[in-house]
Amino acid sequence: MVMSNRDKIAAVEQSHLKGDRPPFRVGDTLQVYVKIQEDEKTRLQMFEGLVTSRKGSGLGETFTVRRVAFGEGMERTFLLHSPFIEKLRVVRGGKVRRAKLYYLRKKVGKGTRIEARWGEESQQSGATAGPAPEVRPAVQAPGETPARGS
């Protein structure tokens, strides 16, 4: 069987895709660990911020991360499958109803906060940071009899 050019390109791209990237969405807070080459030394630099957009698919998929440092907003666009990204870590899931969060560029202070998303993705595969919540037994109020049979 003869492969078409599109199939050949897809096969080459498939070999370069990184499978270790955690699932994340627009509105999530990410830590991106980027390899920085300085002279003969290589070091890791962390860039933490809010994912404002995702574009593309396959090998050319990109995402943009925004952070505010020293009162100045910075946006950085990364290739999702770049060899310069050492690892991605989802710090917190955000609940948004937009595909692109460009409106945050005009907001300042508390107006830039995103509500936390609780549920399915934040609990899977240890993709989020932080200790597991402590489970405490229910406290009985004084003078109340314990409920039975439930």
Report the paramagnetic label zone for HIS16: residues of the range 51-77 whose backbone N is under 12 Å from a point 7 Å from Cα along the Cα-to-Cβ axis.
-> 58-61
Along each of its three principal axes, how wide is the spread of alpha-carbon positions in the range 1-64, in whole angstrom units, largest first?
-> 47, 36, 17
Could you pull out every one of the lysines with an alpha carbon less than 25 Å from that of LYS8, ignoring same-chain neighbours closer than 8 positions?
-> LYS18, LYS55
Pull out the extension gain between GLN45 and ARG92, defined as 0.36 nm times the separation in residues minus the alpha carbon to alpha carbon distance; nm, one decimal.
-> 15.0 nm
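Bear in mind these aren't lab numbers, they're just calculated from the coordinates by the rules spelled out. A quick note: this is a predicted structure, and the numbers were derived from the prediction, not measured. So basically every Cβ, Gly included, is an ideal-geometry build from the backbone, and we count neighbours across all protein chains shown.
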